[in-house]
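Novice: One structure follows; several queries about it will come next.
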Amino acid sequence: MFWLRILAIAQLALTAKRHLELLEPDERRRLASLVKQSRGLPTKKLSANEREEMLRLVRKMEPAKLGKAAASAVARGRRPKP
């Protein structure tokens with residue numbers, strides 16, 4: 001069971017990397033900067049333009065596909081029900 005979880009984590013990491021690589025290097029740096037600047041409170045710490053920019057960058061990473069792939073990887077790592 002331990003190795004199924006390790007495999008799921010590895011699959012999640014690789015999937016996230018593939019989606020992050022949909023951004024250009026300067027876009028990745030900018031997204032990281034916006035996330036850091038927001039300190040978890042984008043509505044309070046970012047301007048409206050910065051929030052719109054963050055949203056545009058996240059959308060470019062195809063979050064729906066990322067979520068679906070993440071859910072699939074996590075489901076494979078779960079313990080089977082008795």
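Novice: Taking the stated definitions as given, is LEU22 in contact (Cβ under 8 Å) with a residue 24 or more places away in the chain and under 12 Å from the mean Cα position of the chain (by Cα)? Spell out how you get there, then give the answer.
Specialist: Working: in contact (Cβ under 8 Å) with a residue 24 or more places away in the chain: yes; under 12 Å from the mean Cα position of the chain (by Cα): yes.
Criteria met by LEU22.
Novice: Kindly establish whether LEU57 is surrounded by 13 or more Cβ atoms within 10 Å (Cβ to Cβ), under 25 Å from ALA13 (Cβ atoms) and in contact with an Asp or Glu (Cβ under 6 Å, 6 or more places away or on another chain).
Specialist: Numbers: surrounded by 13 or more Cβ atoms within 10 Å (Cβ to Cβ): yes; under 25 Å from ALA13 (Cβ atoms): yes; in contact with an Asp or Glu (Cβ under 6 Å, 6 or more places away or on another chain): yes.
So LEU57 fits the description; yes.
Novice: If you don't mind, another one. Taking the stated definitions as given, is ALA32 surrounded by fewer than 14 Cβ atoms within 10 Å (Cβ to Cβ) and in the same structural domain as ALA10 (by TED's automatic domain parsing)?
Specialist: Numbers: surrounded by fewer than 14 Cβ atoms within 10 Å (Cβ to Cβ): yes; in the same structural domain as ALA10 (by TED's automatic domain parsing): no.
No, not satisfied.
Novice: Please work out which one of (1) touching a residue at least 60 places away in the same chain (Cβ under 8 Å); (2) touching a helix residue (DSSP H, G or I) at 6+ places or on another chain (Cβ under 9 Å) is the condition MET1 fails and give its number.
Specialist: Here MET1 meets the rest and fails (2).
The values are calculated or read from the model by the stated rules, or taken from the named source; none is laboratory data. Predicted, not measured: the structure shown is a model, and the values here were computed from it. Heads up, the Cβs are rebuilt from the backbone with ideal geometry, glycines too, and the neighbour counts pull from every protein chain shown.
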